[in-house]
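Worksheet: one structure, shown below.
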Amino acid sequence: MARRIIVHVNSDTDVNGILTPRLIYWKDGRVFRIDAVTNLRPADTVVRNISGWCYTVIIRGKTRRLFLEYKDDPDVPSVHGRWFVLDK
């Protein structure tokens, strides 16, 4: 089974609330610019037991999957979650 690698992501949100990831930061300091988002779909269609979204992105000419997992926490009054990639 693939493990989740939590990453920091900078993203933009447009006036319609559409979230677009722009940069991925790894713990070791590497930064990857996302050249394009080619697909967006519910994450549970790709990986079971995840509530959120799977972004298919292009980074340095290669297709990758970036996930945004939503957390359901009644003590936090806003939407929150975490970004991750899968290590195969």
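Quick one: among ASP28, ASP12, ASP44, which has the greatest mean-square fluctuation in a GNM of the chain with alpha-carbon springs under 10 angstrom?
It is ASP28.
With r defined as the distance between the Cβ atoms of VAL31 and ARG64 and R0 fixed at 22 Å, what FRET efficiency is calculated, to the nearest 0.05?
So, using R0 = 22 Å, E works out to roughly 0.95.
Whenever you get a sec, compute what percent of the accessible area on the chain sits on carbon and sulfur atoms (1.4 Å probe).
49 percent
Can you check what the net charge comes to around ILE59, using other residues whose Cβ is under 10 Å from the Cβ of ILE59 (Lys, Arg +1; Asp, Glu -1)?
Once all neighbours under 10 Å are counted, the net charge is +3.
At 7 Å along Cα-to-Cβ for each site, give me the label-to-label distance between THR20 and LEU86 in nm.
About 2.6 nm separates the two model spin labels.
Distance from a point 7 Å along Cα→Cβ of ARG4 to each backbone N in segment 18-62: keep the residues under 16 Å and list them by number.
Hits in segment 18-62 for ARG4 at 16 Å: 42-55.
The values are calculated or read from the model by the stated rules, or taken from the named source; none is laboratory data. Predicted, not measured: the structure shown is a model, and the values here were computed from it. Positions of Cβ are generated from backbone atoms using ideal geometry, with glycine treated the same way; all protein chains shown enter the neighbour counts. Ligands, DNA and RNA are excluded from the accessible area calculation, which covers all protein heavy atoms including side chains. Shrake-Rupley method; radii C 1.70, N 1.55, O 1.52, S 1.80 Å.
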